[in-house]
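Every number in this text was worked out from the coordinates using simple rules, so none of it is lab data. Only a predicted model underlies this, so the values are computations on that prediction, with no experimental measurement involved. Virtual Cβ from ideal backbone geometry, glycine too; neighbours counted across all protein chains shown.
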Ligand code: IVH
């Protein structure tokens, strides 16, 4: 390709990619599949690597994170990034409103825009001729750190402003807040704890930390988002109010929060504040108050600013979700799955409207790292719906401290010696440990397990509590006489339950495997294991390598399965179950009567979400018709079923010429193959 052609194509590609970024990240309304997007992106990357002179500052390929820095430059903001006057009482809001009205000419029509006060990291984004050229942290308000390369990795930061709706100023600086959504935050923390690393206290700390990473590739791995709410510098003709300003920001393709409202009285402000307190846990990101801003920009000029804050704005804060309290003790608590976690018992404190009296300390390493002991003063914090965290210990001079916490050697519930898995302690006595038994029983009897009708959570807890079930095999010894008289059981229900248990005792292999609650073995893996090994004994005897031959089972899962069966208590319980009540059926290929068309041997791959079917339902339909579901697309794949927002598998299917079905066609196909009526829900 000639340079001129390459340049033209690169420009086209950039425009296309920018448009899709905007639709996806700012408008939440994607138009193309991920694969189509990936194709564009890859083509552009290749062009830029073939013709390095085509690399531009605003190319979307620059988002992935460039070279690591040694340190950040400090930069002066184009205008001071002021702070806000703030208070959590409405009385102070009334006083603010009075000051505003007094400061303006009498008769001025006062209106405010109220917005959520986002709890993230404040940033300045500078655009020259519409191109993102610099981004800085707030710093001390006058100078901040140049974190341009890190900000570039955030997909919601446009590298170029849009001018379709309105001309942008040739030089302009915006102010906004970088945040991390609570769902992303929780996933990140789960991963960190799983790796034995320290979790973050709140999403703001992650966002601020990620922005100050010297290596932008690290920042690129953190799912950050941004909301813009102000112009720090730059003339915007025609914009006279905050309300119009937010509209202008949207027009330039910047991400703007959709909760602001325009109000005219303190009463409306108080109402808004209350409604935000109510929806605080549902909006998916952290806010710590509402910001009240005078709508009219000319009035703002009249009121001016102090050295610290503007006189035309006020932060009406929420009750804090951080508090200081004392650790009354540290307990080791056994969860339903046998994980033993240290829990700090706290002197009760109120955190944003919820009284908190305990907080998880996650694992042994975490307690040691934070050095939390009984009697310590600690800072606790709660973000969104997340379990409260003990953030840190507050040292107290001259106070004698208690001894360090150490994990007990035996399970606090059943005394079995705990086993250590990384920083975690596990009680391996899955079926007899009282703390695990009720939960195990519920799982065992659940719909995807033995499906014992009439045995739910309440019954399971009751039987364990009354000592009727001391270990799992006791379930099959239950007699109607001993149940009658227990809360909720009469003659009839007791007889029915005993009959249900009896008939559930002859069980399909995959259900039995699911029912055992082996770590990581859900309904899908249980089904795959059953199809592969056919008998329970074969699964039980399989070594780690043999297990990994099953699609979807990796070394970690294989290890969990083999150690589950190797544990002596578990082994004993299984022997008892098999010798006593339970009969596990051998798995067989689903039967097909002659002449019926089947999907025997056909391989299916699913990608994207479906409307009418869940993945397990769809998988069952395929298997009932004799087919198999596999995870990756190859030439041997017969069908790829592409739902909503399909992944890269669709592109691969097209490239390999594999038949692609949408959800409706897929359902038609399995219905034709004789699986009709097997759980394809009618369209709403
Ligand atoms: S306006 C001069 N609006 O709150 C006015 N600030 O305590 C500047 N903040 O550092 C602020 N959400 O980072 C404004 N909707 C919002 C905000 C917001 C969060 C932050 C901002 C500032 C801090 C002040």
**OP:** Determine, yes or no, whether residue 486 is in contact with a helix residue (DSSP H, G or I) (Cβ under 8 Å, 6 or more places away or on another chain), surrounded by fewer than 17 Cβ atoms within 10 Å (Cβ to Cβ) and part of a loop (DSSP other than H, G, I, E, B).
**Re:** yes
**OP:** Would you please name the residue that is nearest to the chain's Cα centre (by Cα), looking only at residues in the stretch 536-562 that are surrounded by 13 or more Cβ atoms within 10 Å (Cβ to Cβ) and without any contact (Cβ under 8 Å) to a residue 12 or more places away in the chain?
**Re:** 548
Original post:
Which residue pairs have Cβ atoms closer than 8 Å, lie 6 or more positions apart in sequence or on different chains, and pair a first residue in the stretch 78-96 that is touching a residue at least 60 places away in the same chain (Cβ under 8 Å) and farther than 16 Å from residue 271 by Cβ with a second residue that is part of a helix (DSSP H, G or I) and within 14 Å of the ligand (Cβ to nearest atom)?
Top reply: 85/96
**OP:** Kindly state which strands (runs of 3 or more DSSP E) lie completely within the stretch 40-135 and contain at least 1 residues that are within 14 Å of the ligand (Cβ to nearest atom) and under 19 Å from residue 308 (Cα atoms).
**Re:** 112-118, 121-128
**OP:** Go over the candidates 653, 636 one by one and state the one that is exposed (fewer than 13 other Cβ atoms within 10 Å of the Cβ), more than 29 Å from residue 449 (Cβ to Cβ) and touching a strand residue (DSSP E or B) at 6+ places or on another chain (Cβ under 9 Å).
**Re:** 636
Subject >> Selected residue (criterion: farthest from residue 609 (Cα to Cα)) from residues of the stretch 1-25 that are surrounded by fewer than 18 Cβ atoms within 10 Å (Cβ to Cβ) and in contact (Cβ under 8 Å) with a residue 24 or more places away in the chain >> reply: 3
Original post:
Does residue 310 qualify as being within 15 Å of the ligand (Cβ to nearest atom) and over 30 Å from residue 155 (Cβ atoms)?
Top reply: yes
Subject >> Set 343, 334, 380: member being surrounded by 14 or more Cβ atoms within 10 Å (Cβ to Cβ) and more than 28 Å from residue 206 (Cβ to Cβ) >> reply: 334
Original post:
Are there any helices (runs of 4 or more DSSP H) wholly within the stretch 201-287 with 3 or more residues that are within 15 Å of the ligand (Cβ to nearest atom) and buried (at least 16 other Cβ atoms within 10 Å of the Cβ), and if so which?
Top reply: 203-211, 242-251, 266-279
Original post:
Quick one: which of 388, 408, 412 is surrounded by fewer than 16 Cβ atoms within 10 Å (Cβ to Cβ) and in contact with a strand residue (DSSP E or B) (Cβ under 6 Å, 6 or more places away or on another chain)?
Top reply: 408
Original post:
Restricting the stretch 316-336 to residues that are in a strand (DSSP E or B), within 16 Å of the ligand (Cβ to nearest atom) and within 20 Å of residue 382 (Cβ to Cβ), which is nearest to the chain's Cα centre (by Cα)?
Top reply: 322
**OP:** Assess whether residue 339 counts as being away from the ligand (no atom under 12 Å from the Cβ), free of Cβ contacts under 8 Å to residues at least 60 places away in the same chain and in contact with a strand residue (DSSP E or B) (Cβ under 9 Å, 6 or more places away or on another chain).
**Re:** no
**OP:** State all residues of the stretch 304-315 that are assigned to a strand (DSSP E or B) and either closer than 30 Å to residue 390 by Cα or without any contact (Cβ under 8 Å) to a residue 12 or more places away in the chain (or both); if no residue qualifies, say none.
**Re:** 315
